[in-house]
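Data first, discussion second: the structure below is written as structure tokens.
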Amino acid sequence: MIEINNLHVGIEGETSEILQGLSLSIAAGEVHAIMGPNGTGKSTLANVLTGQNGYEVRSGTALMDGDDLLTLSPDERAAKGVFLSFQYPVEIPGVPAMTFMRACLNAQREARAEEKLSAANFLKLAREKASQLQVKPDMLKRALNVGFSGGEKKRMEILQMAVLAPRFMILDETDSGLDIDALKIVAQGVNDLRSPERSMLVITHYQRLLDFLKPDYVHVMSAGKIVKSGGPELALELEEHGYDGYVESAA
């Protein structure tokens, strides 16, 4: 499903590179986790795959189902099924959460030549998914993320993911700032979306999220590339010994 090959990326206007030949393959139905020290390019990878401005792709490819994501606009990537759960969800004053989600869903459906959901059908869908994630009804009426706690913002992110039902999900430190109860709810919401047709890339610093998500593969990222790959046991090794050995080997 996802094939990233020798990706080199820097900030526009700067000569240095953040991603320095990163390659990664994620098959349909698989969950991959990336771990690594701060500043090694994990969030840059997420942002580049979803089309955020400010980055310059200098070489390499990022294919989804054989199509180069890097040639598509952000909305085209979203319509294709790419979703990013932000590390720091943005507040949007004046835009109710329900209005935002329905607009996003119907824009994607229109781009895929699918029929738009009526207000009644969307309300039924959103309420069902919100109940599963313990998102209170009043949160759906409020401006998106405005006045929400950290845990509420993360649950709202996963609710958006559940409503949109993307095919490739990127979770950028979704566990950041969550207490154990909120973490369990968010992780269950993510697990409910696992299927043979979907794949997932989880960016995290901590084993505790992976205890709930149980990834198929874990990768260590250092100096802008993958320096080690393995099974879930690799995350346990990192929890115990840290990144020092991998940072030295990448230097």
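Checking the structure you have, find out if any residue of the range 50-64 is closer than 22 Å to Glu173 by Cα, touching a helix residue (DSSP H, G or I) at 6+ places or on another chain (Cβ under 8 Å), crowded, with 20+ Cβ neighbours inside 10 Å and β-branched (Val, Ile, Thr). No, every residue in the range 50-64 fails to be closer than 22 Å to Glu173 by Cα, touching a helix residue (DSSP H, G or I) at 6+ places or on another chain (Cβ under 8 Å), crowded, with 20+ Cβ neighbours inside 10 Å and β-branched (Val, Ile, Thr).
Selection within the range 183-200: residues that are small (Gly, Ala, Ser) and in a helix (DSSP H, G or I). The member of this set that is nearest to Ser43 (Cα to Cα) is Ala187. For the range 174-182, indicate whether the set of residues that are among the charged types (D, E, K, R), part of a loop (DSSP other than H, G, I, E, B), buried (at least 18 other Cβ atoms within 10 Å of the Cβ) and free of Cβ contacts under 8 Å to residues at least 60 places away in the same chain is non-empty. Yes: one or more hits. Taking the criterion of being of a type in the set (Gly, Ala, Ser), part of a loop (DSSP other than H, G, I, E, B) and farther than 21 Å from Ile180 by Cβ, the residues of the range 113-166 that qualify are Ala113, Ser118, Gly147, Ala165.
Taking the range 101-121 as the range and being buried (at least 17 other Cβ atoms within 10 Å of the Cβ), under 23 Å from the mean Cα position of the chain (by Cα) and of a type outside the set (S, T, N, Q) as the test, the residues that pass are Met101, Arg102, Leu105. Could you look through the range 89-100, keep only residues that are touching a residue at least 12 places away in the same chain (Cβ under 8 Å) and not in a strand (DSSP E or B), and pick out the one that is nearest to the chain's Cα centre (by Cα)? Once the filter is applied, the top-ranked residue is Pro89.
Values in this text are rule-based calculations from the coordinates and carry no lab data. Not measured: the values here are computed from a predicted model. Using ideal geometry, Cβ is built from the backbone for each residue, glycine included, and neighbour counts are taken over all protein chains shown.
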